[in-house]
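Enquirer: Shown below is the structure under consideration.
The values are calculated or read from the model by the stated rules, or taken from the named source; none is laboratory data. These numbers were taken from a predicted model, which means no experiment stands behind them. Don't worry about glycine lacking a Cβ; one is built from the backbone with ideal geometry, like all the others, and counts go over all protein chains shown. Keep in mind that these areas ignore ligands, DNA and RNA; they rest on the heavy atoms of the full protein, side chains included. Shrake-Rupley method; radii C 1.70, N 1.55, O 1.52, S 1.80 Å.
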Amino acid sequence: MSSKTIFSQILSGEIPCDEVYSDEICLAFKDINPQAPVHILVIPRKELSSMREAQKEDQELLGHLLLVSSKVAKQQGLRDWRTVINTGEGSGQVVFHLHLHIIGGRALTWPPG
Ligand code: 5GP
């Protein structure tokens, strides 16, 4: 059995995804279990488990992911959206390859659950 995460398998093409954006640093695709009319995941091509493992050397990568998330949200027609990064099991993270959720297309309440 492969020890790679499902997102590594998406990056390598072993598992298909509904891609909405791609560049040399990251990939964005539709979440398989959307929590809103728009629910996109932005993932780095670099293997990074979570924000817990992020280092100073990842500063440019993290900035890029945020800018791509904004670009993708606007491409999806959103004016308002939420960007979520779950970090650790206690936060709801289930896939241990860093990812940003872009969630929008409906009213979002605060605080989140
Ligand atoms: P987390 O809970 O780790 O922050 O978010 C993981 C997300 O990945 C979930 O929203 C889940 O629906 C999504 N997901 C899990 N497996 C797949 C998959 O194979 N394809 C896609 N497109 N999304 C997935």
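Enquirer: Would you rank 84, 42 by solvent-accessible area, highest first, keeping every protein chain in place and using a 1.4 Å probe?
Expert: 84, 42
Enquirer: Below 8 Å between Cα atoms, with a sequence gap of 6+, how large is the relative contact order for region 6-104 in percent?
Expert: On the way: 148 pairs, mean separation 31.4, N = 99.
It rounds to 32 percent for region 6-104.
Enquirer: Check each of the GluC sites (Glu not before Pro) in region 16-78 and keep only those in coil by DSSP with at most 12 other C-beta atoms within 10 angstrom; list them in order. Before the final figure, lay out the partial values.
Expert: Working: sites: 19, 24, 47, 53, 57, 60; in loops: 24, 47.
Of the GluC sites (Glu not before Pro), the ones in loops of region 16-78 whose Cβ has at most 12 other Cβ atoms within 10 Å are 24.
Enquirer: Report the far tail of the P(r) of the chain, meaning the percent of Cα-Cα pairs longer than 26 Å. Could the numbers behind the result be given before it?
Expert: Working: 904 of 6328 pairs.
The calculated P(r) of the chain puts 14 percent of pairs beyond 26 Å.
Enquirer: Which angle from 0 to 90°, rounded to the nearest 10, does the C-alpha axis of helix 59-75 make with the longest principal axis of the chain?
Expert: 40 degrees
Enquirer: Can you compute the helix-only [θ] at 222 nm over the chain? Use -39500 (n - 2.57) per DSSP H run of at least 4 residues, normalise by all residues, nearest 500 deg cm²/dmol.
Expert: On the way: 2 runs with 24 residues, N = 113.
The helix-only estimate for the chain comes to -6500 deg cm²/dmol at 222 nm.
Enquirer: Roll a 1.4 Å probe over the protein chains and send me the accessible area per residue for the chain in Å².
Expert: Numbers: 6930 Å² over 113 residues.
Counting only protein heavy atoms, the per-residue value for the chain is 61 Å².
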